[in-house]
Amino acid sequence: MNTESIIYGVSLGPGDPDLITLKGLKVLQDADKIYYPGSLFKNGVKSSYSLSILEHYKLDETKFEGFYLEMDLARVKVSKLYDLTFEQIISDYKKGLKIAIVSEGDVNTFSSFSYLLEKIKKENFNVELIPGITSYALAASEHLTPLCLQNEKLIILPRVQTEAELEEALTHFDTVVLMKIKSVMDVVNNVLSKGNYAINYSEKLGTKNQFIASNLEEINKRDIPYFSLITIRK
């Protein structure tokens, strides 16, 4: 096997193409093949947040290879797609290619790349991960509000399911970041209406459609997209 083969997990940042690291961009410019994730909707439409970022870097688009995930809760189809995608990656790797697999945000945080990383490690392939800026880090910057200070504690909750779960987090942590909130806003509203909290809402960060707010009433007028989050401080 060609010892020059390597796989990079490259973080693209939360949306603004300028928020990639210099190292990440250099890897993309030098890569022989670039895999990017996307979503496949029930009507057959494909969409990729990662691709929309990649397109800004003036790369050779013949290197691009998308894998579009159908979001079924059982994740059966998703698992099969990861298997098929990894078969392609194995073939590229054995050809001695430099392979980049990208992910919006950070490759280590709620990233589709992690499922491929598990397979990569089992094969003992050369792999390097390039971390990136997370959406909640950018949110704090856009709101001009620190995530935590001194000995304060921070927790990140994806798709919080119950009021009790959120109330417990608010009891034990100074800052609570809620991600994947689209389907759980009833839970969030019920809890936040009971207390006096500093709330920062962000959606589509780093894009031309970015929106931020700190008023719960204003937030509830929004059609909450997938790429949204709420930061709560006591």
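Got a number for the accessible area of Lys77? Probe 1.4 Å, square angstrom, nearest 10.
Number for this one is 110 Å².
Each residue of segment 170-178 in turn: what ³J(HN,Hα) in whole Hz from Karplus with 6.51, -1.76, 1.60 and θ = phi - 60°, glycine and Pro shown as x?
3J(HN,Hα) across segment 170-178, in whole Hz: 5, 6, 9, 10, 7, 10, 10, 9, 9.
Among the lysines, which fall within straight-line cross-link reach of Lys23, defined as a Cα-Cα distance under 19 Å, with same-chain neighbours fewer than 8 residues apart omitted?
Lys33, Lys58, Lys63, Lys98
List the residues whose amide H sits under 5 Å from the amide H of Val127, counting only those 5 or more places along or on another chain, with H placed 1.01 Å from N in the peptide plane.
Ile7
Calculate for the chain the 222 nm mean residue ellipticity that helices alone would give, adding -39,500 (n - 2.57) per DSSP H run of length 4 or more and normalising by residue count, nearest 500 deg cm²/dmol.
Per the formula, -9000 deg cm²/dmol.
How would you rank 134-140, 196-202, highest first, on the average number of other Cβ atoms within 10 Å across their residues?
134-140, 196-202
P(r) for segment 108-187, please, calculated from all Cα pair distances in 10 Å bins and given in %.
Per 10 Å bin, starting at 0, the Cα pair percentages come out as 14, 35, 30, 18, 2.
Above 25 Å lies some portion of the pair distances; for segment 1-145, what is it as a whole percent of all C-alpha pairs? Present the calculation step by step, with values, prior to reporting the outcome.
Details: 2722 of 10440 pairs.
That fraction is 26 percent.
List the residues whose amide H sits under 5 Å from the amide H of Ser111, counting only those 5 or more places along or on another chain, with H placed 1.01 Å from N in the peptide plane.
Long-range HN contacts for Ser111: none found.
Which value, in Å² rounded to 10, gives the accessible area of Val127 with a 1.4 Å probe and all protein chains present?
60
Short version: what are the Cα gyration tensor semi-axes of segment 5-57, square root of 5 times each eigenvalue, largest first, in whole Å?
Working: eigenvalues 100, 40, 14 Å².
In descending order the semi-axes read 22, 14, 8 Å.
For a protection proxy built on the mean count of beta-carbon atoms within 10 angstrom, sort 101-113, 205-217, 23-35 highest first, please.
Ranking the peptides 101-113, 205-217, 23-35 by packing returns 101-113, 23-35, 205-217.
Enumerate the calculated ³J(HN,Hα) couplings along segment 111-120 in order (Karplus 6.51 cos²θ - 1.76 cosθ + 1.60, θ = phi - 60°), each rounded to whole Hz, writing x wherever the residue is Gly or Pro.
Per residue, the Karplus-derived 3J(HN,Hα) values read 10, 5, 4, 4, 5, 6, 4, 4, 6, 4 Hz.
Taking amide H positions as placed in the peptide plane 1.01 Å from N, state which residues far from Leu205 in sequence (5 or more) or on other chains have amide H under 5 Å from it.
Sorted by chain and number, the residues that satisfy this come to none at all.
Mind giving me the FRET efficiency for Cys148 and Lys63? R0 is 30 Å, r the Cβ-Cβ distance, nearest 0.05 is fine.
Between Cys148 and Lys63 the formula returns 0.15.
How large, in percent, is the carbon and sulfur part of the accessible surface of the chain at a probe radius of 1.4 Å?
Numbers: 6210 of 12690 Å².
It is 49 percent, rounded to a whole number.
Please work out how much accessible surface His56 shows to a 1.4 Å probe, ignoring ligands, DNA and RNA, in Å² rounded to 10.
The value for His56 is about 120 Å².
Using a probe radius of 1.4 Å on heavy atoms only, what accessible surface per residue do you get for segment 71-147? Whole Å² is fine.
On a per-residue basis, 53 Å².
So, in nm, how far is label Leu216 from label Asp18 when the simple model puts each one 7 Å beyond its Cα toward the Cβ?
Here the modelled spin labels are 3.6 nm apart.
The values are calculated or read from the model by the stated rules, or taken from the named source; none is laboratory data. A quick note: this is a predicted structure, and the numbers were derived from the prediction, not measured. A quick note on method: Cβ atoms are made from the backbone with ideal geometry, for glycine too, and the neighbour counts reach across all protein chains shown. When the accessible area is computed, the model is the full protein with side chains, heavy atoms only, and any ligands, DNA or RNA have been set aside. Shrake-Rupley method; radii C 1.70, N 1.55, O 1.52, S 1.80 Å.
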